[in-house]
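The values are calculated or read from the model by the stated rules, or taken from the named source; none is laboratory data. Values in this document were obtained by computation on a predicted structure and should not be read as measured data. Cβ coordinates were reconstructed from backbone atoms using ideal geometry, including for glycine residues, and neighbour counts include every protein chain displayed.
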Amino acid sequence: MAAVESDDKARSDEFDDLVRLSFFSNIGKSIAEATTLNETLRAIMARIGEIFAPTHWSLLLRNAKTGELRFSVVVGSGVERLRGMVLPRGTGVAGWVAEKGEPLIVEDVARDTRFTDRMDHLTGFKTRSIIAVPLKHRDRVFGVIELINKLDGTSFTPFELKLLMTIAEFGAIAAGKAYYLKALRMLASSDELTGLYNRRAFLGFLEKEIERFKRSHQPFAIMMLDLDGFKKINDTHGHRVGDEILKSTGRMLKNSVRSADIVSRYGGDEFMVLMPGATESTAEHARRRIRHHIERYNREALVKIAVSIGIREADGEHVDALLDQVDSSMYREKARRMEQNVSDVADNIESALQEED
């Protein structure tokens, strides 16, 4: 009889293990299928809601420099106003978990000095019990998942703590994957020296903007900027100075255009700006701002710079045709400026020769 009971228990335990394996496999699959960091975090929170049925739950992300926690995802009625709010370092149960890197159950917050009712005052909510676990990557805490009260009124259990820790581990791995994928995409699309978009990324944005124009006829403008005599600067002052000028030019461009505009280093000493929704008049205002920034730069710089800037309001031509038109506009401006300084023949000839090299 005892042997039969032992066999039944073994089969029952085996069945339970299979159920757990299938359960965690489904959790892992749903989280791992998310492709962006935001999707990953929301997938984690969705699974938590299904499994634990808390009245409110939050995902707080930790500022690596200050240690503050920011409510990134909040779920539950009446707590929407918490989204984006910041907890000072070490504050409350979530702050303790972030600092210690350890999970925590508080069955009755009234008996735990780590609890602060600051958020209850803001939401009008009454916290009774809390379960919180850290999100870690390589033993560094980057966030905290915090569950408040159970719908059935009972306290959280040690088993639920283990379950939440397992989900958090799945989530941390998936979040790390999403973060690295984002970083790789950024590396593939950015210029290593200036941090701006590179040529490949710019052409991709331009293709999409042309397609959007064909659908909606929303205007857009393109601007090309070229550093005059840059080869001479490199030859005379060295590539380190040249690199600093390229970086400074990129910053001036970013500071002169709108936040929605796409600024790229197109290659060498050429920069491109894609301006969605902009007309040639809008681009002209930006061109004047760029010149103003360069004038201010030259007042203090040991090595002065000069630029040629071409602009073109696009009307849906093929990419190559658009770029040719902007390029022609830029060189027309370069020629006009050389004509204005024709009395200084020696300097103009030297500049012209440098640009042909």
Practice task
Could you please let me know if G67 is closer than 19 Å to L41 by Cα and part of a loop (DSSP other than H, G, I, E, B)?
Solution key: no
Completion exercise
Flagged pairs (Cβ under 9 angstrom, 6 or more apart or on separate chains; first in the range 266-278, within 12 Å of T249 (Cα to Cα); second hydroxyl-bearing (S, T, Y)) are D269/T249; F271/T194; F271/T249; F271/S264; M272/Y197; M272/S264; M272/Y266
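Every residue, every condition in (1) closer than 21 Å to N38 by Cα; (2) buried (at least 18 other Cβ atoms within 10 Å of the Cβ), yes or no:
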| site | (1), (2) |
| --- | --- |
| L87 | yes, yes |
| A94 | yes, yes |
| L104 | no, yes |
| M119 | no, yes |
| R140 | yes, no |
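Among the helices (runs of 4 or more DSSP H) confined wholly to the range 190-259, which include 3 or more residues that are modelled with pLDDT of 90 or more and surrounded by 21 or more Cβ atoms within 10 Å (Cβ to Cβ)?
In the range 190-259, the matching helices (runs of 4 or more DSSP H) lie at 239-256.
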Practice task
Looking only at the range 285-294, decide whether some residue is farther than 18 Å from L227 by Cβ, in a strand (DSSP E or B) and not basic (K, R).
Solution key: no
Exercise for the section: Kindly indicate whether any position in the range 78-99 is more than 31 Å from the chain's Cα centre (by Cα), assigned to a loop (DSSP other than H, G, I, E, B) and at pLDDT 85 or above. Expected result: no
Practice task
State whether one or more residues within the range 299-308 are under 30 Å from S216 (Cα atoms) and part of a strand (DSSP E or B).
Solution key: no
Problem - Selection status of R111, among the charged types (D, E, K, R), in the same structural domain as I131 (by TED's automatic domain parsing) and at pLDDT 90 or above - result: yes
Exercise for the section: May I ask you to verify whether A178 is in the same structural domain as D120 (by TED's automatic domain parsing) and either free of Cβ contacts under 8 Å to residues at least 24 places away in the same chain or at negative phi (or both)? Expected result: yes
Exercise for the section: Could you tell me which numbered condition A46 fails, if it satisfies all but one of (1) surrounded by 18 or more Cβ atoms within 10 Å (Cβ to Cβ); (2) within 24 Å of E169 (Cα to Cα); (3) among the aliphatic types (A, V, I, L, M); (4) free of Cβ contacts under 8 Å to residues at least 40 places away in the same chain? Expected result: (1)
